[in-house]
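Here the structure is laid out as structure tokens; the discussion comes afterwards.
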Amino acid sequence: MSENWTLYDRLERMAVVQSRVADPLTLPGDVRIEVDAVEYRADPAGAKMGLIALYLAQQAHEGGFTDNVTVILTRFIVDATVDINDLFDHAFVEAREFPEWTEQRADRYPISTRTEGATIQAGSHREDGKWLYTVNKFEAYRRGNVAYLLQCTGTTMSTRLEKWSALNDMVSSAHFDD
């Protein structure tokens with residue numbers, strides 16, 4: 001197995017079949033996230049992009065960048081012998097390839113009664129000449145041979161620690177409630 005595989009590369013090899021879920025009505029539960037309604041608004045265009053949810057900051061930064069939080073849910077089928085937690089061996093690869101990535105956090109959480117494990121990663125990087133702070137959460141759920149991978153990513157151009165902390169809290173709160 002390649003060390004440079006991203007989590008989605010590993011998922012492609014692990015799953016019998018996989019697909020993104022953009023319609024919450026096709027789920028046996030709800031995707032929940034605690035969003036700061038004063039700072040962010042839901043954008044229904046997220047479903048057209050294959051997202052279960054998209055939240056945009058009410059105000060853009062100079063240069064037009066808008067802070068955002070995206071939620072992606074992938075449903076996949078696996079054989080009974082597959083250890084879904086193996087996905088998280090690859091959870092930190094993609095962000096670490098961002099230009100000038102500086103990692104502030106990379107946590108991996110064990111299998112619990114509700115999940116097959118989770119990760120949260122945060123750091124800053126350069127994109128199009130701008131410094132961005134990004135928080136990314138992956139969490140897996142399994143019921144029989146049907147599994148769900150939740151990804152929540154928040155990005156801000158702010159350099160204020162309060163904004164970073166609030167973004168960490170929002171992204172960390174995302175979960176699938178079945």
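Some notes on this structure:
- Single residue of the range 24-60 satisfying the filter (of a type outside the set (A, V, I, L, M, F, W, C), within 21 Å of Ser158 (Cβ to Cβ) and exposed (fewer than 14 other Cβ atoms within 10 Å of the Cβ)) that is modelled with the lowest pLDDT: Gln59
- Members of the range 122-178 found to be among the hydroxyl-bearing types (Ser, Thr, Tyr), modelled with pLDDT of 95 or more and surrounded by 13 or more Cβ atoms within 10 Å (Cβ to Cβ), listed by number: Ser124, Tyr133, Thr134, Tyr141, Tyr148, Thr153, Thr155, Thr156, Ser172, Ser173
- Wholly within the range 96-178, strands (runs of 3 or more DSSP E) carrying at least 1 residues that are touching a helix residue (DSSP H, G or I) at 6+ places or on another chain (Cβ under 9 Å), in contact (Cβ under 8 Å) with a residue 12 or more places away in the chain and polar (S, T, N, Q): 102-109, 118-127, 130-143, 146-156
- Going through (1) among the polar types (S, T, N, Q); (2) touching a Leu at 6+ places or on another chain (Cβ under 9 Å); (3) surrounded by fewer than 17 Cβ atoms within 10 Å (Cβ to Cβ) one by one, Thr74 falls short only on (3).
- Neighbours by Cβ (under 7 Å, 6+ apart or cross-chain): first from the range 1-12, under 16 Å from Tyr148 (Cα atoms) and in a helix (DSSP H, G or I); second of a type outside the set (Lys, Arg) and modelled with pLDDT under 90: none
The values are calculated or read from the model by the stated rules, or taken from the named source; none is laboratory data. Not measured: the values here are computed from a predicted model. No Cβ is skipped: glycine too gets one built from the backbone with ideal geometry, and neighbour counts run over all protein chains shown.
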